[in-house]
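Take a look at the structure below.
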Amino acid sequence: MSFRHETLPNGLEVIAEISDSALSTSVGFFVNTGSRDETDELWGASHFLEHMVFKGTDDLSADDINRRFDDLGAAANAFTSEEDTVYYASVLPEHQREATELIGRILRPALREEDFETERLVILEEIQMYDDQPPFGADDACRATFFAGHPAGRSVLGTLDSVRSISVDGMRDYHRRRYAPGNIVLAASGAVDFDDLVETARRICGEWEPLPISSRTCPKPPRVCGGGDEAIREQIVREAAAMEYVIRFSAGPDGDDPDRYAAKWLAMMLGDESGSRFYWEFIDSGAADYASCHHQDFLDAGVFAVQLSSDAESIEALLARTEEILTDVTVNGLTTAEMEQARSKLASRIVLSGERARRRLFGVGLEWAHSRRYRSVADDLGVVENLKGSDLGRLAERWPLSGSHATVLAGPLES
Amino acid sequence: MKQTLLSATLDNGIVLLGEELPDLESVAVAFHAPAGGIHDGEGRCGLASLTSEMMLRGAGDRDSRQLVEDLAMAGINWSNAVSTTHATYFGAMVAKRLPEAVSIYADILRRPQLPADQFESGRQVVLQDLAGTDDDPSHRTLLALKKLVFPAPWGLPSEGLTADVEQLTPEVVEAFASTHVRPDGMIVAAAGRLDWPDFVKRMEAAFADWQPGTPVTVGQGERGGRWQHVEHDSQQTHIAIAWSAPPYRSDESYEATAALSVLGGGTSSRFFTEVRERRGLCYSVSAGYHTQRDFASAICYAGTSSDRAQQTLDVMLEEIERLPGSITEDELMRVKARAKSGLVMQQESSSARAGGIARQWYHLGRVRSLADELKRLDQLSVSSVRGWLESHPPTDLSIVSLGRHPLEVPRELSA
C-alpha cells in the first residue's frame, strides 16, 4: 500500500492510496460543498446540483453519460451531505482513465433550464419518498433544533417549498463559486496508475478557473460546544405510523479533535448493534425495535446521535431509561471488559473495510478533502490499540452525554 | 485470473465450500442451515425467525451474554438472517480468528440452550421487527407481490405474521430447532485468507458426529392471485410488477437476467431513461431477477407521488411490452460490461464470495468458476436474448400497488 499526492497549478489536488493486489480501481471527485454552504434561497441546491451534474455538459447528453458509465461496467454514483458532494466510480483497472475523464467532464455541467425543471420533479419525489419513511423527518428536525442556526443544522434535501423556489441562475452561480478547482480533491484507491491519473486530471481539469474559496467557519451556539444543561424536546405527529422514532443529539468532538476516536469507541460501547449497553438493555429484551448511538463529526462540530424506535406506548419509559444510562456512563464510566470488546470490534471493522478499495476511497478522500491528512489502515489500528480509559474520562468532562441535548420524536404518539 | 475453489462433504451431509483469496486479511464464513421460512408450518408463520433469534441466546456452556461477548472478543462481525429456505449464521473476521468462529458456531448450531426464561424477550424482538416493517412501504409492497408470485409457503414472509408469532410456544421452537437445524442440507461456505486443510479438520472435529435427520418435504400451495392494492396513508404510491422467469439452475437464467438488466438494471436502462430521466416520474425505478430453487420471477419496482402513479405504471407496462424484439447490440454490450466488472469486483470481498459460492451450490449442486461465468456471459447474443424473450414473453403479469388510491391495471388482471 502506498500513498501519492500532487497539486495542479490551478489548485486541484490529486491523491491515491495504491494497492498492488487490488482487482479494481475506484476514483472520486470530492467537492468541499454541501448544505452548510447554502443560503435560504438555495436550500437544497447542493443536492439538486449533484443530480444536475448527470444531466449533461455542452457536448454530452444525459443519455450519453448514463450509457458511458454502463459501457465501462462502472459502479458509479454520487452523494451529498452537509459538507461534501462526492462523485465516484469503481471500475476494472483498464478503465481508470475513461472513468476519471467522464466524471471530470460532467463536473462542468450545462445546467439546461429544461433538464432543470424535469430533474426538480425527481428531487420532489425523493423528498416525498424519505418523508414517507422512518424516522419521518425526526433526524432533520433534531439537527436543525440542536444546531440552532449553525449551518451544520441545514438538512441536505431541503423542503418541497425550498426546492420549488431554487432558480437555475442561482444554481449556476453556486456551481461557479463552489466547484472551483481549489475546492475539489480527486482521490483514487485500489489498483491505481497514479501518473496517468494526474495526466488525466491535467487534461480534463487543468483549465478550470481558480477562484478564492470563502471560509466555512462560523460561530457556534454554546450547546454545540458541550456547554449547558438544556433539554429540548419536540414532537412530530404521524398518526399512520406503526412505531415511534426518536433521535437525540448531544455535543461531541469535531472532525479535527484528537478525541474523535475515543468518541467512536464510546459510541460503540453504548450503542453498537450487538453487545453494547443499549443492546442488553433494549434489544435483547425486545423492548425496542432499534437502539443505537453513533458519533458524527463535522468540520467544526460533532454530535453523539442516539436513535430509538419502539411501539408508541413504551417510548416514554425507554427515553427515561436512556437518560439514566447516559448519566450513569458520564458519571461512572465503563468497565474494562466493555472497553476491550469494543476495541476488538473496532479493530476488526477497520481491517474488514480496509480491504475494500471502494470503501477506502471515501475514508481517504474525505480525510484529505477536510484536513489534507492521509491516514492508512495501520494508522487507524494504531490509534484504536492505544485508546485508554482516561480518554473516556476526558471525553465525559468535555462532552458530557447527560449535558445539553435535543430530542425529537416522530410517530403516532400525541403531543 | 487464478481462482482456487474447494469443496468437501462430511459423512452426515454437511457440504463445506471454500475459496482462497490470499490477498485479503479477512475470512468470512456462512453456515446455511436448511431451516428457512418454508418449514414454518400452517399458522406458524415466523417460527423459523423466532427460532433463529432464540439460537443466539446461549449455546453450549456460554450463556446469552457470554456468547455475544465471545463473538465480540474474537472480532467477529456477525449477523444472522432467515430467508425462505435457510437460516444463515454469518461472520467475517481477521483470518486467524476462524478457529474460534468454528467453535462458537458449533455451539450455536448443535447445542443451543433455547432458554425458556428468554422466550418472551425473543418473541418481542420478532414482533418489534414486524411492526417496524409496517412503516416501510417499499418492503410491504414487495412482500405483497411475493405472495402473488410464489406459491405458499414460498410466497409467505419469512419474517413472520404477527398473529402467528403471538401463538408460538417454547415447545414448538425447540421442536423446530431439533428438526430443521440439521447437518444434512447444511452448506458451510468460507472465503478469504483461508487455510483449507485446517478449516476442514476443525469442521470435522466439531460437526462430524452430528447425526442427520429424517427427510422433510414441503407441499406446494396456492399463489395469491394476480392483482392487489394495499391501502396505505402515504404521499407516494408504490408499484411492483412481476412475471415468471426460469430458475437460476436453468441455463436460460443468463438470458433472463440480461433482458431484465436492459429493462431496469443500470442508469442507461429503459426504465431509468423513460421513467426517471425523460419524465421525472420517480426517484427509484428498477427491474431485477429473483430466484428460488424451483421457480423464479422478474420483479419491477417504482415509487412515485400518488397523482403521477398511474402514468408511471402505464409507462412501465409499455416498456415491458416493448422489450421482446427490441433489444439492441449496444444495450447487450453494456449489460455484459456491468456483469463482468461485478463478477471481478466480487473477488475483492470475502463476504460476497462466501455468499456467492453457497448460493451456487444450493441452486446447482456445484460452484461455477469465474472463468465459466465470464465465458457464459460472452456467449450471450442479441439473438439468444431476443429468442428467449420471444419464447417467454412477459404476459403473465402480477401487479401490486400500495398507497392512498388503487390504480387501473390491464383488464385481464383485474377480471
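Structure data summary
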read-out: Average beta carbon contacts from partner chains per residue of B:127-140, 10 Å cutoff; value: 5
read-out: Whole-Hz couplings from phi, Karplus 6.51/-1.76/1.60, listed for segment B:152-161; x for Gly and Pro; value: 5, x, 5, x, 7, x, 5, 6, x, 10
read-out: Longest to shortest principal axis, alpha-carbon extents of segment B:227-414, angstrom; value: 49, 33, 29
read-out: Highest-first arrangement of A:26-36, B:291-301, where packing means the average Cβ count within 10 Å; value: A:26-36, B:291-301
read-out: Cβ-derived FRET efficiency at R0 41 Å, B:S83 paired with A:D63, nearest 0.05; value: 0.65
read-out: Label-reachable residues, segment B:283-323, where backbone N falls under 20 Å from a point 7 Å from B:V382's Cα toward its Cβ; value: B:319-323
read-out: Coarse-grained scattering of segment A:222-411 at q = 0.10 Å⁻¹, given as base-10 log I(q)/I(0) from a Debye sum over alpha-carbon atoms; value: -0.43
read-out: Cα-based Rg of segment B:4-207 normalised by 2.2 N^0.38 Å, two decimals; value: 1.05
read-out: 3J(HN,Hα) from dihedral phi, segment A:267-273, Karplus parametrisation 6.51/-1.76/1.60, rounded to Hz, x for glycine, proline; value: 4, 5, 5, 7, x, 5, 6
read-out: ³J(HN,Hα) computed for each position of segment B:333-350 - Karplus, 6.51 cos²θ - 1.76 cosθ + 1.60, integer Hz, glycine/proline x; value: 4, 5, 4, 5, 4, 5, 5, 5, 5, x, 5, 5, 5, 4, 5, 8, 10, 4
read-out: Cβ neighbours within 10 Å from other chains - mean over A:317-327; value: 0
read-out: Those aspartates and glutamates that a straight Cα-Cα span of less than 15 Å connects to B:K336, excepting residues fewer than 8 apart in one chain; value: A:D70, A:D71, B:E255, B:D372, B:E373, B:D378
read-out: Against the rule of thumb 2.2 N^0.38 Å, how large the Cα Rg of segment B:80-143 comes out; value: 1.49
read-out: Shape of segment A:285-332, Cα gyration tensor, a/c cut at 1.5; value: oblate
read-out: Violating pairs (Cα-Cα greater than 25 angstrom) within the set A:K345/B:K340; B:K201/B:K340; A:K345/A:K388; value: A:K345/B:K340; B:K201/B:K340
read-out: Label-point gap, in nm, between B:A205 and B:R65 - each point 7 angstrom along Cα→Cβ; value: 3.0 nm
read-out: Reach of A:K220 by Cα under 27 Å, taken over lysines that are not fewer than 8 positions away in the same chain; value: A:K264
read-out: Given charges at Cβ of Lys, Arg, Asp, Glu: chain B dipole, positive-most of B:S64, B:Q347, B:Q211; value: B:Q347
read-out: Cβ-Cβ FRET estimate between B:E222 and B:Q311, R0 fixed at 25 Å, reported to 0.05; value: 0.15
read-out: Residue-averaged beta-carbon neighbours from other chains (10 angstrom radius) around A:352-358; value: 6
read-out: Dipole magnitude (debye, nearest 20) for the protein assembly as shown, charges at Cβ of Lys, Arg, Asp, Glu; value: 1480 debye
read-out: Cα extents of chain A along the three principal axes, largest first (Å); value: 60, 47, 38
read-out: FRET efficiency, 1/(1 + (r/R0)^6) with R0 60 Å, evaluated for B:E318 and A:E397 via beta carbons; value: 0.40
read-out: Amide proton proximity set for B:A296, modelled H, under 5 Å, gap of 5+; value: B:A245
read-out: Cα gyration tensor, segment A:2-205 - rounded (a/c under 1.5), prolate or oblate; value: prolate
read-out: When the protein assembly as shown is reduced to its Cα atoms, the Kirkwood hydrodynamic radius in Å; value: 28.3 Å
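Throughout, read-outs are computed from the coordinates displayed, never taken from laboratory work. From a predicted model like this one, the values you see are computed outputs, not experimental measurements. FYI the Cβ positions are ideal-geometry reconstructions off the backbone, even for glycines, and counts take in every protein chain you see.
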